[in-house]
Amino acid sequence: MNQLAVLTSGGDAPGMNASLRAIVRSANNKKINVYGVFNGFEGLIDDHLSELKPRQVGNIIQRGGSILHTSRSKRFLNKKFRDQARENLLKRNINSLIVIGGEGSLKGAKYLGQEGEINVLGLPATIDRDLPFVGPTIGFDTAINTALQAIDRIRDTASTSNTVHIIEVMGRACGWISLFAGIGGGAEAVILPEFPTDIEKLAQQIKEQRSSGKQGCILIVSEGACNSSGGEGLIKDLNKVSNFDLRITKLGHIQRGGNPSAVDRVLASRLGANAVEGLLAGHNQCVVAQPKDKIEMIPFTKLSGNLNSEMRDYHELIFKLV
Ligand code: F6P
């Protein structure tokens, strides 16, 4: 492999630029040319590619969005257009592609990979974290931090004026954003698409908390909860069984923008560099991921030794990305 292409696709996520930088720089260190595809799969179909040099990805690690832009391509679901996209890669002698995106984008990557001739790897990048097995996705941590800033502010006014606030977060049909924002923001409840909510019980709990002296109440609701009607749906449901003075805030696209957090920059950099190494090692039709998310009990007696082995990968990464 001496050439590869990279694209960003779907809903943008903070950290996409950091992964792009990592791909271009680590490929350059391995003497591999990188082509950036503009506008996701749409650009791949329309032959909108240009070579990306390491200095062109300078000063982007801290920027939200994607300098390559994204699209949600309906055409790419049609084999005719995927064939056209493949031709555009092959005519430049590119037989490897890295797709940075979420669920729909990785589906597109899967179809292209299955049809042969192009080795395809995916980097999971979506604020939704809606991919099973892959663990944290690029952009999720930043989105949570952004949501928490808003929730903390709403908490100030909720506890001062003793009101019940409904805060709707993104995530499509997935409740991870609600869960993390809810735990981190100390919410009184989270309402998710995945699990049913007993509205009467919820209203009763809120009443009891208020009569016990709790000031203010924050309910986090996923946009996909309450039969996909999110916060508006929750208001309707609560109004049927209670008469709380409700307020609603939809955080919306604020959650998608902004500078990536430290966690997202490091995740994106590691996954980007590993994608290049993965292609070189012959991996194909895989998502490059860091999935572990388990609590462990580690005996005190094991807390000896140094951290060098844990730090080695990170230390090496610094030099690959200059
Ligand atoms: O997939 C990311 C996401 O932000 C979802 O949380 C949300 O439902 C959707 O994209 C919004 O998409 P768009 O910006 O295309 O309306």
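If I filter region 19-65 down to residues being of a type in the set (Ser, Thr, Tyr) and open to solvent by less than 20 Å² (accessible area, probe 1.4 Å), which single residue comes out as nearest to residue 256 (Cα to Cα)?
Going residue by residue through region 19-65, those that are of a type in the set (Ser, Thr, Tyr) are 19, 26, 35, 50.
Restricting the remaining residues to those that are open to solvent by less than 20 Å² (accessible area, probe 1.4 Å) gives 19, 26.
Numbers: 19: 16, 26: 27 Å.
Among those that are of a type in the set (Ser, Thr, Tyr) and open to solvent by less than 20 Å² (accessible area, probe 1.4 Å), it is 19.
Scanning region 130-169 for residues that are in a loop (DSSP other than H, G, I, E, B), open to solvent by 20 Å² or more (accessible area, probe 1.4 Å) and within 12 Å of the ligand (Cβ to nearest atom) returns 130, 131.
Among the conditions (1) part of a strand (DSSP E or B); (2) within 16 Å of the ligand (Cβ to nearest atom), the only one that residue 50 does not satisfy is (2).
Suppose the filter is of a type in the set (Val, Ile, Thr), within 14 Å of the ligand (Cβ to nearest atom) and not in a helix (DSSP H, G or I); does residue 190 pass it? No: the conditions fail for residue 190. The single residue among 171, 182, 213, 186 that is among the small types (Gly, Ala, Ser) and under 14 Å from the mean Cα position of the chain (by Cα) turns out to be 171. Within region 85-96, residues that are free of Cβ contacts under 8 Å to residues at least 40 places away in the same chain reach partners that are in a helix (DSSP H, G or I) and open to solvent by less than 10 Å² (accessible area, probe 1.4 Å) with beta carbons closer than 8 Å, at six or more positions or on different chains, in the pairs 86/112.
What do you reckon, is residue 116 small (Gly, Ala, Ser), within 16 Å of the ligand (Cβ to nearest atom) and open to solvent by 10 Å² or more (accessible area, probe 1.4 Å)? Criteria not met by residue 116. Is it the case that region 25-47 has a residue that's polar (S, T, N, Q), assigned to a helix (DSSP H, G or I) and touching a Pro at 6+ places or on another chain (Cβ under 8 Å)? Yes, there is a match, as at least one residue in region 25-47 is polar (S, T, N, Q), assigned to a helix (DSSP H, G or I) and touching a Pro at 6+ places or on another chain (Cβ under 8 Å). Are there any pairs, at least 6 apart or on different chains, whose C-beta atoms fall under 8 Å, with the first in region 170-190 and hydroxyl-bearing (Ser, Thr, Tyr) and the second away from the ligand (no atom under 14 Å from the Cβ) and open to solvent by 20 Å² or more (accessible area, probe 1.4 Å), and if so, which? The qualifying pairs are 178/190. Filtering region 196-231 to residues that are farther than 22 Å from residue 161 by Cα and either in a helix (DSSP H, G or I) or of a type in the set (A, V, I, L, M, F, W, C) (or both) leaves 199, 200, 201, 225, 226, 227, 228, 230.
Which pairs do you get when a residue that is under 12 Å from residue 271 (Cα atoms), found in region 124-138, comes within reach of a residue that is within 15 Å of the ligand (Cβ to nearest atom) and open to solvent by 10 Å² or more (accessible area, probe 1.4 Å), reach meaning Cβ atoms under 6 angstrom, with the pair 6+ apart or on two chains? Once the first residue is under 12 Å from residue 271 (Cα atoms) and sits in region 124-138, its partners that are within 15 Å of the ligand (Cβ to nearest atom) and open to solvent by 10 Å² or more (accessible area, probe 1.4 Å) give 124/131; 124/134; 137/126; 137/129.
Residues of region 240-275 being surrounded by fewer than 17 Cβ atoms within 10 Å (Cβ to Cβ), under 13 Å from the mean Cα position of the chain (by Cα) and either more than 16 Å from the ligand (Cβ to nearest atom) or of a type in the set (A, V, I, L, M, F, W, C) (or both), which ones? Of everything in region 240-275, just one residue is surrounded by fewer than 17 Cβ atoms within 10 Å (Cβ to Cβ), under 13 Å from the mean Cα position of the chain (by Cα) and either more than 16 Å from the ligand (Cβ to nearest atom) or of a type in the set (A, V, I, L, M, F, W, C) (or both), namely 263.
The values are calculated or read from the model by the stated rules, or taken from the named source; none is laboratory data. These figures come from a predicted structure and were not determined experimentally. All Cβ positions, even for glycine, are placed from backbone atoms using ideal geometry, and neighbour counts span all protein chains on display. Protein only, heavy atoms only, side chains kept; ligands, DNA and RNA dropped before computing areas. Shrake-Rupley method; radii C 1.70, N 1.55, O 1.52, S 1.80 Å.
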